[in-house]
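One structure is given here, and the rest of the page talks about it.
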Amino acid sequence: LETIAKEHDWVLDNRSRFGCTVTKGEMLLNRMLDKGETPSAVLLEYGGNDADFRWDEVAARPFDEHLPNTPLPVFAETMQRMVETLKARGVRPVLSTLPPISSERYLDWITRDGLSKENILTWLGDENAIYRYQENYSRAIERIAAQNGCQLIDLRSVFLEQRVLLPYLCEDGIHPNDAGQHLIHKVLAAAAASV
């Protein structure tokens, strides 16, 4: 983003936080706006941490009900509220879809230190449920962008257009590696050029 901002002579204020969910993001956004800060645009990219589970609890109790960090209806309501808040302040909201994940690689990652893969699979039903669950959050972002006339940066499609996904993901199966970051840069550069 910093390179793209320099190319367009934009001031970039990166407020991203590791592990941040949409509810924390809304709090940070409101705090920023309450201080009187009014950027021309805000990129909202949430969902990955929201769609995740407390896998240690799932592994310990595979027959119980487990909720994600942010249930999907709460996620969608919060994103919608953030979009409305930004528009009311004259700030252009820009939304981003989520890069896809590798269920197999992520399941290997979360069980690497001894969590029971068998128990987690018992709860999931099948390994690909992880992918499908995360995809629902990305689709919610698409719907919110369309319903509100927001610019959508479609990272997911660019990853899925690649013949093989794994070369673009880190060992954990969820974070883009250097090649994945290159894809993201390409998409962001194209989006910036269209503004």
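The values are calculated or read from the model by the stated rules, or taken from the named source; none is laboratory data. These numbers were taken from a predicted model, which means no experiment stands behind them. When we count neighbours, we look across all protein chains shown, and the Cβ atoms used for this are built from the backbone with ideal geometry, even at glycine. Areas reflect the complete protein model, heavy atoms only, side chains present, ligands, DNA and RNA absent. Shrake-Rupley method; radii C 1.70, N 1.55, O 1.52, S 1.80 Å.
Report whether or not M79 is under 28 Å from A189 (Cβ atoms) and buried (at least 18 other Cβ atoms within 10 Å of the Cβ).
The answer is yes for M79.
Looking at K186 and the list (1) more than 30 Å from R54 (Cβ to Cβ); (2) in contact with a helix residue (DSSP H, G or I) (Cβ under 6 Å, 6 or more places away or on another chain), which single condition is not satisfied?
(2)
Hey, can you tell me all the residues within region 25-45 that are touching a residue at least 40 places away in the same chain (Cβ under 8 Å) and not β-branched (V, I, T)?
Selection gives G25, E26, L29, N30, L33, P39, S40, A41, L43, L44, E45.
How many residues, within region 157-180, are under 17 Å from the mean Cα position of the chain (by Cα), without any contact (Cβ under 8 Å) to a residue 60 or more places away in the chain and either surrounded by fewer than 14 Cβ atoms within 10 Å (Cβ to Cβ) or not in a helix (DSSP H, G or I) (or both)?
Here the count works out to 3.
Looking at the structure I just gave you, is L86 within 16 Å of G25 (Cα to Cα) and either open to solvent by less than 10 Å² (accessible area, probe 1.4 Å) or more than 19 Å from the chain's Cα centre (by Cα) (or both)?
Considered against the rule, which asks whether it is within 16 Å of G25 (Cα to Cα) and either open to solvent by less than 10 Å² (accessible area, probe 1.4 Å) or more than 19 Å from the chain's Cα centre (by Cα) (or both), L86 comes out as yes.
Do you know which of the residues in region 132-154 that are open to solvent by 50 Å² or more (accessible area, probe 1.4 Å) and assigned to a helix (DSSP H, G or I) is nearest to S96 (Cα to Cα)?
Result: E142.
Find the helices (runs of 4 or more DSSP H) located wholly in region 1-106 whose residues include 1 or more that are at pLDDT 95 or above and charged (D, E, K, R), and list them.
22-34, 55-60, 72-88
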